[in-house]
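Q: Got a structure here, written out as structure tokens. Questions coming.
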Amino acid sequence: MPVITKIGRQKKNNERYNLYLDEKYAFSVDEAVLIKYQLTKGKVIEAFTLDEIVFDDEVRKAYNKAINYLSFRMRSEHEVKQKLLQSEFGEAVILEAIRKLYEHGFLNDASFTKALVETQKNSSKKGPAAIRQELKKKGIEKELQEEVLAAYSEEEQVSIAKTLTEKIINQNQNKTPRQIKQKIQENLQRKGYNFGIISQAIESFDLEKKEDEWLEIIAAQGEKIWRKYSAKYSGYDLKNRVKQALYIKGFPSEHIDMYIENKELELQNEQ
């Protein structure tokens, strides 16, 4: 059976030691493994003990790799497993390292899920559907997903959706109520809110425009539409195309007719 003839601390990593068996370099081990197996010069190493030492050292390497990965932010068990697989650790080694991480409190999918949901709600303003997709990507089990998301109340969803809605309204004052409503629906759907929540958020605000606001909006949007279609159409076809485009954007018929009349008068005066 081989005998430890030399033990030397590594220069680049003072927590690892090089072991020499029968005057030949054999392998290196973490300091924790060195202490666990009481590895000292002159100690005889049995074959099965050698296998245990090598396995435990691999676990220690995987554990330390995971600790470094976790030092930047919280991670799910799935993320840590994927990181260790990328580092080419074996399945048995990874499972044991994961067990130790749980044991020492460095991994906890329940705490991670709660923290992620809170971050997604408060920082990203996301709804349940979008958060569920994030949790799925992180490998969180469906049962845990639903358990944590159950605490995301409808009242809280509506409150956050209202905040997003108000921001969209303020950023789109030059749009028609229909355009604004569409932007709100698209944005909130992407954020993961359902139709019921979106409807409640929209109903909390008066999107209607005053007469002078309508005139200002149609003047701006109408001019762009007129330039676009006047390059290809003229006369009745041009007016019809402009009318259809403005109607689709949500302008009332009376304002569309008024805009067309004013535009025709403007063009006549220019001639």
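Q: Which entries in the list K181/K243; K121/K167; K183/K239; K81/K121 go over 23 Å, if you measure between the two C-alpha atoms of each?
A: On the way: K181/K243 21 Å; K121/K167 16 Å; K183/K239 27 Å; K81/K121 26 Å.
Table pairs above 23 Å Cα-Cα are K183/K239; K81/K121.
Q: Tell me the relative contact order for the stretch 1-146 as a rounded percent, counting alpha carbon contacts under 8 Å between residues six or more apart. Write down the numbers at each step before the final one.
A: Values: 155 pairs, mean separation 25.0, N = 146.
Relative contact order here is 17 percent.
Q: For the chain, what is the mean residue ellipticity at 222 nm derived from helices alone (per DSSP H run of n ≥ 4: -39500 (n - 2.57); sum divided by total residues; nearest 500 deg cm²/dmol)? Mind showing how you got there, number by number?
A: Numbers: 13 runs with 178 residues, N = 271.
So the helix-based figure for the chain works out to -21000 deg cm²/dmol.
Q: If amide H atoms are built 1.01 Å from N in the plane of the peptide, which residues on other chains or at least 5 residues away come under 5 Å of the amide H of G192?
A: The answer is G127, A130.
Q: How much length is gained on full extension from N174 to K228, taking 0.36 nm per residue of separation minus their Cα-Cα distance? Walk me through the intermediate numbers first.
A: Working: separation 54, 0.36 × 54 = 19.44 nm, distance 1.89 nm.
Contour length minus Cα-Cα distance gives 17.5 nm.
Q: Might you report the magnitude of the Cβ-based charge dipole of the stretch 55-110 about its Cα centre, with Lys and Arg at +1 and Asp and Glu at -1, to the nearest 20 debye?
A: Numbers: 9 positive and 10 negative charges, 53 e Å.
Dipole size: approximately 260 debye.
Q: Then there is this: Pop out the carbon and sulfur fraction of the accessible area of the stretch 3-93 as a percent, whole number, probe 1.4 Å. All intermediate terms of the calculation are to be shown ahead of the outcome.
A: Numbers: 2810 of 5690 Å².
That share works out to 49 percent.
Q: Where does the stretch 112-176 land on Rg(C-alpha)/(2.2 N^0.38 Å)?
A: 1.30
Q: Please tell me which of these pairs span more than 18 angstrom C-alpha to C-alpha: K125/K209; K24/K65; K6/K43; K114/K138?
A: On the way: K125/K209 28 Å; K24/K65 28 Å; K6/K43 10 Å; K114/K138 13 Å.
From the list (K125/K209; K24/K65; K6/K43; K114/K138), the Cα-Cα distance tops 18 Å for K125/K209; K24/K65.
Q: For the chain, report the accessible area per residue in Å² (1.4 Å probe, heavy atoms, rounded to an integer). Before the final figure, lay out the partial values.
A: Values: 16790 Å² over 271 residues.
Per-residue value: 62 Å².
Q: Just reorder F112, F205, F55, F48 by solvent-accessible area, largest first, 1.4 Å probe, all chains present.
A: F48, F55, F205, F112
Q: Turning to a different aspect of this structure: So between K137 and I248, what do we pick up on full extension, going 0.36 nm a residue minus the alpha carbon distance?
A: Details: separation 111, 0.36 × 111 = 39.96 nm, distance 3.85 nm.
Extra length available between K137 and I248 comes to 36.1 nm.
Q: Hey, rough spin-label estimate for Q189 and F205, points 7 angstrom out along Cα→Cβ, what's it come to in nanometres?
A: 1.8 nm
Q: Let me know the shape class of the stretch 180-225, please: from the alpha-carbon gyration tensor, a ≥ b ≥ c as square roots of the eigenvalues, rounded when a/c is under 1.5, otherwise prolate if a/b is greater than b/c, or oblate.
A: On the way: a/c = 5.63, a/b = 1.94, b/c = 2.90.
In terms of gyration-tensor shape, oblate.
Q: Given H placed 1.01 Å from N in the peptide plane, which residues other than close sequence neighbours of T5 have an amide H under 5 Å from its amide H?
A: Y20, L21, D22, E23, G42
Q: Express the carbon and sulfur contribution to the solvent-accessible surface of the stretch 182-271 as a percent, rounded to the nearest whole number, probe 1.4 angstrom.
A: Numbers: 2780 of 6020 Å².
Result for the stretch 182-271: 46 percent of the exposed heavy-atom area is carbon or sulfur.
Q: Among N108, G127, Q86, whose Cα sits farthest toward the positive end of the charge dipole of the stretch 63-147 (+1 at Cβ of Lys/Arg, -1 at Cβ of Asp/Glu, about the Cα centre)?
A: So the residue furthest toward the plus end is G127.
Q: Expressed as cubic angstrom per residue, what is the convex hull volume of the alpha carbon set of the stretch 52-106? Intermediate results must be reported in sequence, preceding the final value.
A: Values: hull volume 3.8 nm³, N = 55.
Spread over its residues, the Cα hull of the stretch 52-106 gives 68 Å³ apiece.
Q: Just check the chain against the gyration tensor rule for me: Cα atoms, a ≥ b ≥ c as the square roots of the eigenvalues, rounded for a/c under 1.5, and otherwise prolate or oblate depending on whether a/b exceeds b/c. Write out the running numbers ahead of the final one.
A: Values: a/c = 5.46, a/b = 3.25, b/c = 1.68.
Prolate shape, in that a/c is at least 1.5 and a/b is the bigger ratio.
Q: Also, quick follow-up: For the stretch 1-136, what does the equivalent ellipsoid look like in terms of its semi-axes, each the square root of 5 times an eigenvalue of the Cα gyration tensor, given largest first in whole Å?
A: Working: eigenvalues 330, 35, 24 Å².
Semi-axes from the Cα gyration tensor: 41, 13, 11 Å.
The values are calculated or read from the model by the stated rules, or taken from the named source; none is laboratory data. All figures in this text were calculated on a predicted structure; none of them were measured in a lab. Every residue, glycine among them, receives a Cβ derived from its backbone with ideal geometry; neighbour counts consider all protein chains shown. These area figures cover heavy atoms from the full protein model, side chains too; ligands, DNA and RNA do not enter into them. Shrake-Rupley method; radii C 1.70, N 1.55, O 1.52, S 1.80 Å.
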